[in-house]
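See structure below.
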Number of protein chains: 2
Amino acid sequence: MSKVEELKTYYRKAEMFESAVSLMYWDMRTYMPPDAAQYRAKAFSDISTYVFKLLISDELEKLLEESVPSNDIEEKIIKLGKKEYYRYKKIPPEMFEEMMQLSTLLEHRWETEKFTGNYQELYPLFQKLVDLNKKYAELLGYETEPYDALLDLYEPGVKAKEIEKVFSEIKIFIQDVLKKIESAEKFEDPFNRTFEIEKQKVFNHWLLQYLGYDFKKGRLDVSTHPFTNPVGLNDVRITTRYFEEDIKNSIYSTIHEFGHALYSLSIPEEFYGLPIGASASYGFDESQSRFWENIVGRSLSFWKSVYDKFTEIFPEMKTYTPEDLWRGANNVRRSYIRTEADEVTYNLHIILRFEIERDLINGKIFAKDIPEIWNERFENYFGLKVPSNTFGCMQDPHWFGGSFGYFPTYALGNFYSAQIYEKMKEEIEFESVVEEGRFDVIAKFLKESVHSKGRLYEPMELIHIVTGKPFSASPFIDYIGDKYSKIYNIQI
Amino acid sequence: MSKVEELKTYYRKAEMFESAVSLMYWDMRTYMPPDAAQYRAKAFSDISTYVFKLLISDELEKLLEESVPSNDIEEKIIKLGKKEYYRYKKIPPEMFEEMMQLSTLLEHRWETEKFTGNYQELYPLFQKLVDLNKKYAELLGYETEPYDALLDLYEPGVKAKEIEKVFSEIKIFIQDVLKKIESAEKFEDPFNRTFEIEKQKVFNHWLLQYLGYDFKKGRLDVSTHPFTNPVGLNDVRITTRYFEEDIKNSIYSTIHEFGHALYSLSIPEEFYGLPIGASASYGFDESQSRFWENIVGRSLSFWKSVYDKFTEIFPEMKTYTPEDLWRGANNVRRSYIRTEADEVTYNLHIILRFEIERDLINGKIFAKDIPEIWNERFENYFGLKVPSNTFGCMQDPHWFGGSFGYFPTYALGNFYSAQIYEKMKEEIEFESVVEEGRFDVIAKFLKESVHSKGRLYEPMELIHIVTGKPFSASPFIDYIGDKYSKIYNIQI
């Protein structure tokens, strides 16, 4: 066996353990009996640490250094493998463990404190976690600012300076659009009523089939927070959640996770387990979920397409037209909670978080200052007074779970998706394809242009390859402008 | 940390990986999407082999040899640990892997050939597996006959000669009872009808609650073959199966698995992950499942106890008395399939298998001879002509999965359970306890006398400790005699 084949075997072996860890996670969030939580947390962390050690072993270094690529793909594997190996290697395993334990503890405490909004309880520990991440950034290294080192973990090759530039443009645009929408005529939201959960389940399962989710390679289950979990080869499971008074939540969570799952299931099998066998970045992964959720699922064509089935399951909705449902699904309003935000205001939530976490990691502000900064800036951006930290800086798990540099990938996902959409429309009659339920046409486009590339390219390279143009937020601006002009009968 | 503490930590660490393997198994049999099977099989075998290597490592040997026990419990841990270590150590890892692969392959092929009954297809490979097990027995070592080496894996300390003695007594008894029952008056089986599966589920879930299964530490799911799976600490899950035309199957599978789960959940937490943190033997584990299934679940008191709920869910059954249902649950008949056999004939099925597998491992017969020997002996014991191997030597997975020496533990389980029952009745008003649904009283007795002992004792020691008497099949003979005299109004 050649060294490069040995290298692949090594990665695939490590992936088996990763796969076990994934299953443990999925089970924790779906079917695990409650009293098992404590032991499972320990087992989960132990096996994760074992995997981490596999990825910084001397054996792996030797294989990476001695492998001679016989083609471009192998060259990418080795290059990416080395990047990861030497990055992880900079981190003392004790530090990895300390970060894992501290973030697990803090996220666990956040889960309860979130509802009291008592930030005072958390911030001393939180500052410790921030300091640990600052040290982490120093160890990883950066050119301009510490924050870039962490950002690179989620969005390889992207710098905070570039994001800042795009965000400042978007910030103005959103506030402008918001004002125009607010001066337009209001409409009734037909989803403002209760929907029997059993019927919601029927609709969601039907919808996944209709979109083309392969239930031989996945499942739809229920969890508190919806997620997609690639458990193993040919095994990518999704979850959703159901509320009687909020059917949009289940429908759009399901479509969102479907987008993630489709990406994961369409990466070439021969990439599986290797450094190239994943999505290009967190932002790219999000571009796929947001593409299906918003560009497909919140389109007028979509509501025309599912109208018969939807009103068959919920006959009381026959009093509304597909246009009514489409408008209802795109109701814009200033709100506190990111995950419930519409497409227009969503990125403003992200911008706020990006600005704060960047200053935090770069040492310009400290953990104790966050609530004040958050509330002041939120009022400035959204024109709303934050009633409590529950609706403010304590709403998301990310920071308390030790993720800094993650938030901007959500906005990048939105921008990538609009850029891909612009390109797609050159080749596909998008509206009629959606209306006729020929989602395989869209899946095929995405597979060929994005999914089949795995992690061969960094996100900014990939978006260029896919669209023939450099990264830009303009397609997103055009998309929002066009869509909401129609929805609200205004000029954007 | 003392060496013995290090030893415990080592075992507990290995158990984390075992726990992952268990979860993978549970998932394979319950919720895994079908296309994931191939990859999962590979991951399962890889991580299992990793665990095997942890159990034969030099590090473990050193810890075992250097540990100094500070109490009786630690002495047991080290003793049992050494026994297992040096046993595994005798097996070359390549041989372990070969056996695993061959048995996985053969069991997989059996799954389809079982229905054709085409033994010719399997036996060359099967003979290879037998030969491998014979070699295995030689490596493990024995005093009298090779079969003992394998039997010891399942029922430590028990010898084939002893089993033979008990079985020859039981064989005569069963045939005698059978004749008496067959000359008695027949009765109608009220379960001979269809029962809606959704309602069966309601009854089974209610029943588990009623028996005292802790759903915070377990689950009830559906699988083709019911099983109990200790996934981790405070996490012991069971499954059952539902057939419209066979409600007894689901009820008694559920109760059976409940018995296994209760055992596993009642072993002291401080034993968890250590060599002593398991049931005393396969036979003892079976004694608990059979105790609940037969001695509790097939008693008249049980049917009186659940009668109201059962007839509330199935109102059409109100035309029967609890006595009718009790008789129906204990219908004796000569039949081909072990897993569907009643309490009287069940052990005869086991005796047949024991005799054949013993001769096979001891080299007195060969794989190719099995169908002929089976059919001849079956007719002799049961007075029935075997119509095909599907109903004969190919009905069970055990042999094709490489388990030899496992079958007798089923019969031993029945005998242990009757012996425990005899003792229990000295301390507990069994019939009224069951009738009043005070199952916690029974669980407490079993916990104190059996479960809390974990694997501190070998089964024959343990039964002596529990009952104050040496092992004997007489209590089983008394139990059957007493019970079926009443059911059939005969003199046994």
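Considering the range B:188-202 alone, what residues qualify as being surrounded by fewer than 21 Cβ atoms within 10 Å (Cβ to Cβ) and not in a loop (DSSP other than H, G, I, E, B)? Can you show your working first?
Taking the range B:188-202 and keeping what is surrounded by fewer than 21 Cβ atoms within 10 Å (Cβ to Cβ), we get B:188-194, B:196-199, B:201-202.
Within the range B:188-202, B:I197, B:E198, B:K199, B:K201, B:V202 qualify.
Would you kindly identify the helices (runs of 4 or more DSSP H) lying entirely within the range B:292-372 that contain at least 2 residues that are more than 30 Å from B:F445 (Cβ to Cβ) and within 25 Å of the chain's Cα centre (by Cα)?
Values: elements: B:300-313, B:322-328, B:343-361.
In the range B:292-372, the matching helices (runs of 4 or more DSSP H) lie at B:343-361.
Mind counting the residues in the range A:17-44 that are of a type in the set (G, A, S) and more than 9 Å from chain B (Cβ to nearest Cβ)?
To start, the set of residues in the range A:17-44 that are of a type in the set (G, A, S) comprises A:19-20, A:22, A:36-37, A:41, A:43.
Applying the additional criterion that residues be more than 9 Å from chain B (Cβ to nearest Cβ) yields A:22, A:41.
Summing the residues that are of a type in the set (G, A, S) and more than 9 Å from chain B (Cβ to nearest Cβ) in the range A:17-44 gives 2.
Looking at this structure, is B:Y85 within 14 Å of chain A (Cβ to nearest Cβ), in a helix (DSSP H, G or I) and in contact (Cβ under 8 Å) with a residue 24 or more places away in the chain? Even if it seems obvious, please write down each step before you answer.
On the way: within 14 Å of chain A (Cβ to nearest Cβ): no; in a helix (DSSP H, G or I): yes; in contact (Cβ under 8 Å) with a residue 24 or more places away in the chain: yes.
Considered against the rule, which asks whether it is within 14 Å of chain A (Cβ to nearest Cβ), in a helix (DSSP H, G or I) and in contact (Cβ under 8 Å) with a residue 24 or more places away in the chain, B:Y85 comes out as no.
Answer yes or no: is there a residue in the range B:461-471 that is assigned by the TED database to the domain that holds B:I351 and either over 30 Å from B:E75 (Cα atoms) or touching a Leu at 6+ places or on another chain (Cβ under 7 Å) (or both). Spell out the reasoning first.
Going residue by residue through the range B:461-471, those that are assigned by the TED database to the domain that holds B:I351 are B:461-471.
Right, trim to either over 30 Å from B:E75 (Cα atoms) or touching a Leu at 6+ places or on another chain (Cβ under 7 Å) (or both) and you get none.
No, the range B:461-471 contains no residue that is assigned by the TED database to the domain that holds B:I351 and either over 30 Å from B:E75 (Cα atoms) or touching a Leu at 6+ places or on another chain (Cβ under 7 Å) (or both).
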Yes/no for A:M99 being surrounded by 14 or more Cβ atoms within 10 Å (Cβ to Cβ) and either at pLDDT below 95 or assigned to a loop (DSSP other than H, G, I, E, B) (or both): yes
Cβ-Cβ under 6 Å pairs, at least 6 apart or on other chains, the range B:186-202 side under 30 Å from B:I490 (Cβ atoms), far side polar (S, T, N, Q): B:D189/B:N331
Members of the range A:223-269 found to be away from every other protein chain (no Cβ under 14 Å), within 16 Å of A:Q209 (Cβ to Cβ) and touching a Ser or Thr at 6+ places or on another chain (Cβ under 7 Å), listed by number: A:T240, A:S250, A:T254, A:E257, A:G259
Candidates A:K180, A:K217, filtered to the one that is of a type in the set (K, R) and within 14 Å of chain B (Cβ to nearest Cβ): A:K217
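Just a yes or no: is a residue in the range B:167-181 in contact with a Lys or Arg (Cβ under 8 Å, 6 or more places away or on another chain) and assigned to a loop (DSSP other than H, G, I, E, B)? Spell out how you get there, then give the answer.
Residues of the range B:167-181 in contact with a Lys or Arg (Cβ under 8 Å, 6 or more places away or on another chain): B:178.
Checking the rest, the ones that are also assigned to a loop (DSSP other than H, G, I, E, B) come to none.
No, that holds for no residue.
Determine, yes or no, whether A:Y50 is in contact (Cβ under 8 Å) with a residue 24 or more places away in the chain, within 11 Å of chain B (Cβ to nearest Cβ) and over 25 Å from the mean Cα position of the chain (by Cα). Before the answer, list the steps.
Details: in contact (Cβ under 8 Å) with a residue 24 or more places away in the chain: yes; within 11 Å of chain B (Cβ to nearest Cβ): yes; over 25 Å from the mean Cα position of the chain (by Cα): yes.
Yes.
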Residue tally, condition crowded, with 21+ Cβ neighbours inside 10 Å and either more than 25 Å from B:R40 (Cα to Cα) or at pLDDT below 95 (or both), over the range A:208-222: 1
Residue within the range A:129-147 that is part of a loop (DSSP other than H, G, I, E, B) and buried (at least 19 other Cβ atoms within 10 Å of the Cβ) present: no
Subset of the range B:373-411 [under 20 Å from B:D285 (Cβ atoms) and assigned to a helix (DSSP H, G or I)]: B:F407, B:P408, B:T409, B:Y410, B:A411
Selected residue [buried (at least 20 other Cβ atoms within 10 Å of the Cβ) and either touching a Cys at 6+ places or on another chain (Cβ under 6 Å) or more than 30 Å from B:K159 (Cα to Cα) (or both)] from B:V466, B:V441, B:V434, B:V450: B:V434
Residue check for B:A14: touching a residue at least 24 places away in the same chain (Cβ under 8 Å) and facing another protein chain (nearest Cβ under 8 Å): no
Among (1) in a helix (DSSP H, G or I); (2) within 13 Å of A:A280 (Cα to Cα); (3) among the basic types (K, R), the one test that A:K444 misses: (2)
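The values are calculated or read from the model by the stated rules, or taken from the named source; none is laboratory data. Just so it is clear, the structure is predicted and the values come from calculations on it, not from any experiment. A quick note on method: Cβ atoms are made from the backbone with ideal geometry, for glycine too, and the neighbour counts reach across all protein chains shown.
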